[in-house]
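The values are calculated or read from the model by the stated rules, or taken from the named source; none is laboratory data. Computed from a prediction, not measured in an experiment: that's the story for all the values here. Here the Cβ is made from the backbone with ideal geometry for all residues, glycine too, and neighbour counts use every protein chain on show. Keep in mind that these areas ignore ligands, DNA and RNA; they rest on the heavy atoms of the full protein, side chains included. Shrake-Rupley method; radii C 1.70, N 1.55, O 1.52, S 1.80 Å.
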Amino acid sequence: MTEDHRHEEEFVLRSGLGPPMPCPYLPGLEWRNEILLPENGLAAAIHEQLFEAGYRRVGQAFFRPVCAECRACRSLRISTSAFRRSKSQRRIWNRNRDLDVKIEALVADSEKEDLLFRYLERRHEGWETEERDEIGDSLFHDPPANCRAVVLREAGRLVGVGIVSITPNVLSSDYFFFDPADEPRSPGTFSMLWEIDHARRNGLRWYHPGFFVAGCPAMSYKARLRPAEILGRDGVWRAFDGSVDGAS
């Protein structure tokens, strides 16, 4: 990363391109990210500007895909005041009523790290230990001050952890991992529903669930959050009907 961007807010973002790598969403394609790395702390309001411009956050770094062959990764946002749970989402909400959910400071501990590694082993078979360690370091090491952990427990047992960023108007879901044994609960969907509700109750206008990837079945559940807006390639947010055509 070589190019510095200086702003009136007196922060510096180093920008650059990450290396090409196999796409984690669409087999047979390459994935490449533009990466912004702050040299000093960023105010939450600046995080929000980056989220609204289509960047996602992992640790201190912000990224968005700039793939040569594909533009399938598109940012979504949900109006917290307009959102209404669908019939299937209400079933998932009720199925998880026994969970105790708290939002806490984002602090690494052996319990969370063990859950993360079990999740990665199931979801990313064949990954080396070093790759899993790198993910853990990026999530837990020196997180920004506006990051929190949404912790799901069943009778004290850790079920899932959502890592979120909170800005003046946005709650962004940065990452979620869960106990593979609890997959029948649909904990990922439940965590999003809880986060939307938390954002609404705390006066946050938008919920950002991350990328919708047209053609990727694993990302289709995000299209069921309605009403939604999708970020166009021209930088304009528009109503999204949940279809692949609506993401073009």
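Considering only the stretch 149-220, give the strands (runs of 3 or more DSSP E) lying wholly within it that have at least 1 residues that are basic (Lys, Arg). Show your work before the answer.
Numbers: elements: 157-166, 170-178, 206-208, 211-213.
The qualifying strands (runs of 3 or more DSSP E) are 157-166.
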Taking the condition outside any loop (DSSP other than H, G, I, E, B) and surrounded by fewer than 20 Cβ atoms within 10 Å (Cβ to Cβ), does residue 233 pass? no
Is it fair to say residue 66 is β-branched (Val, Ile, Thr) and touching a residue at least 60 places away in the same chain (Cβ under 8 Å)? no
Identify the single condition in (1) within 21 Å of the chain's Cα centre (by Cα); (2) modelled with pLDDT of 95 or more; (3) open to solvent by 50 Å² or more (accessible area, probe 1.4 Å) that residue 91 does not satisfy, given that it satisfies every other one. (1)
Could you identify the single residue in 78, 103, 92 that is within 28 Å of residue 184 (Cα to Cα) and part of a helix (DSSP H, G or I)? 92
In the set 113, 104, 121, the lone residue that is among the charged types (D, E, K, R), open to solvent by 60 Å² or more (accessible area, probe 1.4 Å) and modelled with pLDDT under 85 is 121
Scanning the stretch 1-37 for residues that are farther than 20 Å from residue 65 by Cβ and surrounded by 12 or more Cβ atoms within 10 Å (Cβ to Cβ), the one modelled with the lowest pLDDT turns out to be 11
